[in-house]
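Below is one structure; the comments refer to it alone.
The values are calculated or read from the model by the stated rules, or taken from the named source; none is laboratory data. Computed from a predicted model, the values in this text were never measured in an experiment. Here Cβ is always computed from backbone atoms with ideal geometry, including for glycine, and neighbour counts include all displayed protein chains.
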Ligand code: SF4
C-alpha cells in the first residue's frame, strides 16, 4: 500500500530513553523506574533498531527524551552517543536537545553532553517550592533546581525549564511565586503545564479514592491566564499554547510536530510520522528489548493517514502555535479547499471569540487558548474532504 503523500525525508529524530530513578506521583509516561540493570540491554536493543532502520541521516533536530536520559551513568551516556553518532549527523546550526533531571545536572554529565553535541538542555524542574515538590513526589528540592539551572547555563546557551501548575492544594499566589522564580532563573525557555491526573499514575488511584482533590477549574484557568500575562509582559515570546521563549530560543524540534513535518523516532513507545504513516513502538521496555533481541520489529501500531486526516491534523497542530495557520497556504499545498470544508466550525468559533481571522490566517484568541482542547474534535471529525 502506498502513502498518499509526497515523500518527505525526515530531518528530525526523537530517541526515547525510558529510565528514571523513581516514578513521580503524577507520571504515566513510558518508563521503568529503579531498573538500571536493563540499561545495557536497552542500548543493545536500540542499536538493533537503528540497524534495522539502516540509514545514516543528516538531521536538523535531535531530541533525547524519556524518562530521563541524564539518569544514565557516564559510561551508558557515552555508549548512547556513540550509537547515535553512527547513524545521525546534526546539520550545521542544528538543535540537539536533551531532557534532564535537576539532580543529574552536574559538571561531569553536562560536560559530556556538550562534548557529544547536545546544545539545548530541557530541565524537568516542575517547581522551586519544596512542599509542592514533595507532594509531586519529585526527588529534588528547590535548591537543587537552582543549582541545576546555574550549572546548565555554564554549559549551554539554551536552557529550558518545565514547570507544573495546579498541583493539589496550590493557590494562585503560590503558583505566581513559582513562576517568578522560573522567570528570573536565567533559563531561555519555559514550558508550563497544568497538572492532569492520568490513568496509570499513582495519583489516579488516589484521586479515585478521594485522597486528594484537584485544584478548582476556575483557579486553574486563572493560573494559566496569569502565566501568559506575566510572561508576555516581561517580553517572553508566547509561541505555543504552553511554550514561552526568550531571545528567539523556541524549541525547533517541537515546532516540527506542530507544523506537521516528518520525524523519525526510536526507543520504547516512540511514535514517528513519515510520509503520512504513523507508527508506534511497543510501550513496554522489556517487550521492546525482547522483540529486538529476536530480530523482530518493535513497531506494534502502523497506520496510514489519508490525505484528509493529514490535512486535519496539520490544521489542528498548527493552531497550537500562536501564529496560527494560513488557510490559503494549506489549501494550495494540499489541493483542497480547506476553508470551505472547515467553514461551519470556523464561523462558529470566530463568532464565539475562540478563533480570530486576519486575511487568510486563523489563530486562537485568548479565550480560545483556554479551551483549545475542546475545539479540536470539530476540526478532526467533520464530514469528508474531497
Ligand atoms: S522524572 Fe519525569 S519522566 Fe521520570 S517519573 Fe518523574 S515525571 Fe516521569
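In segment 105-122, the residue that is nearest to the ligand (Cβ to nearest atom) out of those that are touching a residue at least 40 places away in the same chain (Cβ under 8 Å) and not in a loop (DSSP other than H, G, I, E, B) is 122. Residues of segment 158-173 that are more than 20 Å from the chain's Cα centre (by Cα) and at pLDDT 95 or above: 170, 171, 172, 173.
Checked against (1) crowded, with 20+ Cβ neighbours inside 10 Å; (2) more than 16 Å from the ligand (Cβ to nearest atom), residue 58 meets all criteria but (1). When you check residue 194 against the structure, is it in contact with a strand residue (DSSP E or B) (Cβ under 9 Å, 6 or more places away or on another chain), surrounded by fewer than 22 Cβ atoms within 10 Å (Cβ to Cβ) and within 30 Å of residue 111 (Cα to Cα), yes or no? Considered against the rule, which asks whether it is in contact with a strand residue (DSSP E or B) (Cβ under 9 Å, 6 or more places away or on another chain), surrounded by fewer than 22 Cβ atoms within 10 Å (Cβ to Cβ) and within 30 Å of residue 111 (Cα to Cα), residue 194 comes out as no. Residues that are modelled with pLDDT of 95 or more, away from the ligand (no atom under 14 Å from the Cβ) and under 22 Å from the mean Cα position of the chain (by Cα) within segment 1-41 comprise 10, 11, 12, 13, 14, 15, listed in sequence order. Taken across segment 139-147, residues that are away from the ligand (no atom under 15 Å from the Cβ) and assigned to a loop (DSSP other than H, G, I, E, B) do not occur at all.
For segment 174-217, name all the residues that are part of a helix (DSSP H, G or I) and modelled with pLDDT under 95.
Of the residues in segment 174-217, the ones part of a helix (DSSP H, G or I) are 174-183, 202-208, 217.
Within segment 174-217, 202, 203, 204, 205, 206, 207, 208, 217 meet the criteria.
Scanning segment 154-173 for residues that are surrounded by 18 or more Cβ atoms within 10 Å (Cβ to Cβ) and within 23 Å of residue 63 (Cα to Cα) yields a total of 9.
Within 30 Å of residue 173 (Cα to Cα) and not in a helix (DSSP H, G or I): which single residue out of 94, 125 fits that description? Please lay out each step first, then the result.
Details: 94 fails: within 30 Å of residue 173 (Cα to Cα).
None of the others qualify; the one that does is 125.
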